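Before any comments, here is the structure.
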Amino acid sequence: MRKPFIAGNWKMHKTRSEAKELAGELVKQLKGVDQRVMIAPPFTALAEVGSVLADSSIVLGAQNMAVAEEGAHTGEVSPAMLKDCGVSIVILGHSERRHVYGETDELIHQKLLLALKHELEVILCLGETLDEREAGRAEEVVRRQLKSGLDDVDTDGLRRVTIAYEPVWAIGTGKTASPEDADQIHRMIRQEIARLYGDKAAENMLIQYGGSVKPNNIADLMAKENIDGALVGGASLKTETFVPIVNFNK
Ligand code: PEP
């Protein structure tokens, strides 16, 4: 039985005081929820939000991580620095990192190995662009990103990975993949995990959907067999929208 996992990606929003206020409200309003919940504030607010979450069940995530442990990497943040702020999960391969900042499959793969080495969990984001979908290449692209991201990861490491399927054309656009289309890709991902790691690993694999998830579409998405949670951008910035998404089954 896979426990639903809802994650909020705050992207480049919220000053430290705004982040602290939102995190505090979420701790109050989500007390006792069954779902696993993560929030990923910007780097500048990690330590502050980490202290707010300390005695709660909400886990602290980071939106990115350096591919190196330390050294001359201007502007980067290392795995140890993230852990020092209380981070336990890092989002890697988000489409904005891939398509706006040019992160390659290989770079994301190296980051994933480094995160696992430092005992961080990873949310590995995969997803096709609109052109790739229209050319009938969605499955091929997602399969390539998955295989490359997980290269050299053993079954033990895999236990600390969550996959997020986020079609690029659905992120921040208000367009959501239909639950059926999303589930088809999620099923393909699970089959690929079964092929690479066996049925048990595939059964346990958490696969989130991301792309304009809102309070009014979460229940239909979560009703699908292979959708185990959501990675939420815009709607994670307010309690009025994030709390009902977490409570999709109430
Ligand atoms: C995201 O940033 O991962 C995302 C899915 O954004 P949004 O929910 O705003 O589409």
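Here, each number is a calculation from the coordinates, and none is a lab measurement. Remember, it's a predicted structure, so these values are computed and weren't measured experimentally. Virtual Cβ from ideal backbone geometry, glycine too; neighbours counted across all protein chains shown.
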### Task
Give me the pairs, please: first residue somewhere in the stretch 136-158 and in contact (Cβ under 8 Å) with a residue 24 or more places away in the chain, second residue anywhere and among the acidic types (Asp, Glu) and surrounded by 20 or more Cβ atoms within 10 Å (Cβ to Cβ), beta-carbon distance under 8 Å, and either six or more positions apart or on two chains.
ALA138/GLU128; VAL142/GLU128
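Just to be sure before I move on: is PRO215 away from the ligand (no atom under 11 Å from the Cβ), in contact with a Pro (Cβ under 6 Å, 6 or more places away or on another chain) and assigned to a helix (DSSP H, G or I) in the structure I sent?
Values: away from the ligand (no atom under 11 Å from the Cβ): yes; in contact with a Pro (Cβ under 6 Å, 6 or more places away or on another chain): yes; assigned to a helix (DSSP H, G or I): no.
Here the answer is no, as PRO215 does not meet what is asked.
Examine the stretch 35-52 for a residue that is under 22 Å from ILE218 (Cβ atoms) and charged (D, E, K, R), and state whether such a residue exists. Spell out how you get there, then give the answer.
Going residue by residue through the stretch 35-52, those that are under 22 Å from ILE218 (Cβ atoms) are 35-41.
Checking which are charged (D, E, K, R) leaves us with 36.
Within the stretch 35-52 (the criterion being under 22 Å from ILE218 (Cβ atoms) and charged (D, E, K, R)), the answer is yes, since at least one residue qualifies.
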### Task
Taking LEU46 as the residue in question, decide whether it is without any contact (Cβ under 8 Å) to a residue 60 or more places away in the chain, within 16 Å of ARG160 (Cα to Cα) and within 19 Å of the chain's Cα centre (by Cα).
no
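Name the residues in the stretch 1-33 that are touching a Lys or Arg at 6+ places or on another chain (Cβ under 8 Å) and closer than 24 Å to LEU124 by Cβ, would you?
Answer for the stretch 1-33, where residues must be touching a Lys or Arg at 6+ places or on another chain (Cβ under 8 Å) and closer than 24 Å to LEU124 by Cβ: LYS3, PRO4, PHE5, ILE6.
Looking at ALA177, ALA164, ALA135, which one is within 16 Å of the ligand (Cβ to nearest atom) and out of contact with any helix residue (DSSP H, G or I) (no Cβ under 6 Å at 6 or more places or on another chain)?
ALA164
Count, please, the residues in the stretch 223-248 that happen to be under 28 Å from LYS14 (Cα atoms) and not in a helix (DSSP H, G or I). Before you say what the answer is, go through the steps one by one.
Taking the stretch 223-248 as the starting set, the residues that turn out to be under 28 Å from LYS14 (Cα atoms) are 228-248.
Narrowing the set further to residues that are not in a helix (DSSP H, G or I) leaves 228-233, 237-238, 247-248.
Residues flagged as under 28 Å from LYS14 (Cα atoms) and not in a helix (DSSP H, G or I) within the stretch 223-248 amount to 10.
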### Query
Which of the following residues is within 12 Å of the ligand (Cβ to nearest atom), aliphatic (A, V, I, L, M) and in contact with an Asp or Glu (Cβ under 9 Å, 6 or more places away or on another chain): LEU231, LEU237, LEU206?
LEU231
## Note on the structure
Exception for SER17 within (1) more than 16 Å from the ligand (Cβ to nearest atom); (2) within 14 Å of ILE89 (Cβ to Cβ) falls at (2)
## Note on the structure
When every residue in the stretch 89-109 that is touching a residue at least 24 places away in the same chain (Cβ under 8 Å) and in a loop (DSSP other than H, G, I, E, B) is compared, the one farthest from the ligand (Cβ to nearest atom) is GLY93
### Task
State whether the residues of the stretch 111-122 include one that is over 16 Å from the mean Cα position of the chain (by Cα) and within 14 Å of the ligand (Cβ to nearest atom).
no
### Query
Between a first residue in the stretch 201-223 that is farther than 25 Å from ARG160 by Cβ and touching a residue at least 40 places away in the same chain (Cβ under 8 Å) and a second residue that is in a helix (DSSP H, G or I) and away from the ligand (no atom under 15 Å from the Cβ), which pairs have beta carbons less than 6 Å apart while being 6 or more apart in sequence or on different chains?
ASP220/PRO179
